[in-house]
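Below: one structure, written as C-alpha cells.
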Amino acid sequence: MVNKEQTFEFPTQDGRMCNLINVTGPREPSRGPVLLVHGAGVRANIFRPPNSTNFVNALLDHGYDVWLENWRASIDLPPCEWTLDEAALYDHPAAVNKVVEITGAKTIKAVVHCQGSTSFMLSAIAGLVPQVETIVSNAVSLHPQVSWISRQKGRFAVPVLGKFTPYLNPQWGKQAQGFVPRALRGLVRLTHHECDNDVCRFSSFTYGTGFPVLWRHENLSSETHDWIGQEFANVPLSFFRQMARCLDKGHLVSDMAGLPASSVADKPRTGARIAFIAGEMNDCFKWQSQQASFDWFDRYRPNFHSLHVLGGYGHLDIFIGKNADRDTFPILISELDAPS
Ligand SMILES: [Zn+2]
C-alpha cells in the first residue's frame, strides 16, 4: 500500500514549532482522527517500522484518519532540554487543537506511548485536552515503576552524568566524538553483549537495565532491528531528573503552574475512556505501572476503563514487533473502536 503524507507545523504557546504528519492510504477514512504520540528520544516515525503491516497501516486499513505528532522530544526537531510538564502544557494541547481545527472533528482518539503517554496523561488529568474521548496508553502513564537497579541508576548516575553532558544519545553507540560519548560507548561495549547493533545496545544502557530493555529480540524482525539504528537519538537529562522525582513519589509530579503538583491528588479532569496496555516482560517500566494507573482511574469511574497485560511482549515491541499485527494491534484497535 502506498501512503501519502502531509506535514502540518504548529506553534506551541512557549514559542517552539512542532508538527503533525497526516498519513492517508488509498481509501478515504471512514472513521475519525487518531493521534499517535511517540516516546522519548525517537520521532513520529517510530510507529512505521519496516514490517509488512505496521501500526499506521493497520489503522488506515481499519478506516482511521491517522495523525502522527512530533512533539518537542522528537529527534526530528532541534534538540531541547524538555520536561514532561512542558510537553503536557504546551505541545499536546496544541496538537489536539490543530487536528480538531483541520479535520473539523468534535472529538478525537489518541494512542500514546511511554513518555508520550506520561506527558499526554498529564495534559488529560489537567483538563487540557477535552476533545480527546479515548486514550490507548502503552507502558506507563501516571504511576511509573522501574526495577530496583534502574532506580539506583537514576538516583546516582543521572546527577553525575548531568555534570558532563545535557543529553544522552544512542547514536554514540555508532559514532562517538568527545570524551563523554566515547567513555559511555566504551562502557556500553563492555557491559552489553546481547546483539551487534550499537544503537540497540546503547538504548538499553540509556533506558533501564536489561539486555535489551525496550523490546524482546525474538519479537523483532532483523529488518526492524537494523531500522532502530536510525530511530534513536538525543534524550535530555532534564527528562531523567523529572522522572527520578516521579519515581521517588510513585506518581507523576509537576512544578509548572497549570498542572497539578501531584498528578493523583485530585479527581482527573478528563472524561476520556482509557485503555491501559502493558507488556508483561517490559524491562523499562514494570507492567505494574499501568495496573496502578488503571486502579486509580477505576476508583473514580468503576468499570469504564480497561487494562491489558500482554504476555510475551516488552516495551516498544507492542508496536514494532514482527507479529504485533496479529498479537497486539487487534487489542489496541478494538479499544479505539469501543464507545466512550
Ligand atoms: Zn539488539
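Scanning segment 202-214 for residues that are open to solvent by 40 Å² or more (accessible area, probe 1.4 Å) and within 13 Å of the ligand (Cβ to nearest atom) turns up just one, PHE211. Among the residues of segment 314-332, those identified as open to solvent by less than 60 Å² (accessible area, probe 1.4 Å) and either in a loop (DSSP other than H, G, I, E, B) or outside the structural domain of ILE277 (by TED's automatic domain parsing) (or both) are GLY314, HIS315, LEU316, GLY321, ASN323, THR328.
Count of segment 182-201 residues, restricted to those that are among the hydrophobic types (A, V, I, L, M, F, W, C) and within 10 Å of the ligand (Cβ to nearest atom), is 3.
For segment 220-231, the set of residues classified as away from the ligand (no atom under 11 Å from the Cβ) and either touching a Gly at 6+ places or on another chain (Cβ under 8 Å) or open to solvent by less than 10 Å² (accessible area, probe 1.4 Å) (or both) consists of GLU231 only.
Residue-wise test of (1) under 23 Å from GLY258 (Cα atoms); (2) open to solvent by 50 Å² or more (accessible area, probe 1.4 Å).
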position: GLU9; (1), (2): no, yes
position: ILE46; (1), (2): no, no
position: ALA73; (1), (2): yes, no
position: ASP76; (1), (2): no, yes
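When you check LEU307 against the structure, is it in a strand (DSSP E or B), under 16 Å from VAL136 (Cβ atoms) and among the hydrophobic types (A, V, I, L, M, F, W, C), yes or no? So LEU307 fits the description; yes.
Scanning segment 241-290 for residues that are at positive phi and touching a Leu at 6+ places or on another chain (Cβ under 7 Å) turns up just one, GLY258. Summed over segment 73-90, residues that are out of contact with any helix residue (DSSP H, G or I) (no Cβ under 8 Å at 6 or more places or on another chain) and among the small types (Gly, Ala, Ser) total 0.
Among the numbered conditions (1) crowded, with 22+ Cβ neighbours inside 10 Å; (2) out of contact with any Ser or Thr (no Cβ under 8 Å at 6 or more places or on another chain); (3) part of a helix (DSSP H, G or I), the only one that PHE294 does not meet is (2). Candidates HIS192, HIS217, HIS143: the one that is buried (at least 16 other Cβ atoms within 10 Å of the Cβ) and without any contact (Cβ under 8 Å) to a residue 24 or more places away in the chain is HIS192. Do we have ILE46 as of a type outside the set (Gly, Ala, Ser), within 15 Å of the chain's Cα centre (by Cα) and in the same structural domain as CYS284 (by TED's automatic domain parsing) here? In short, yes.
Give segment 22-44 a look and list any residue that's part of a strand (DSSP E or B) and crowded, with 21+ Cβ neighbours inside 10 Å, or say none. Result: VAL23, PRO33, VAL34, LEU35, LEU36, VAL37. Among all residues of segment 270-288, there is at least one that is open to solvent by 10 Å² or more (accessible area, probe 1.4 Å), in the same structural domain as SER74 (by TED's automatic domain parsing), in contact (Cβ under 8 Å) with a residue 12 or more places away in the chain and in a helix (DSSP H, G or I).
The values are calculated or read from the model by the stated rules, or taken from the named source; none is laboratory data. On a predicted model such as this, the values are computed, not experimentally measured, just so you know. No Cβ is skipped: glycine too gets one built from the backbone with ideal geometry, and neighbour counts run over all protein chains shown. We work out accessible area using only protein heavy atoms, side chains counted, and drop any ligands, DNA or RNA first. Shrake-Rupley method; radii C 1.70, N 1.55, O 1.52, S 1.80 Å.
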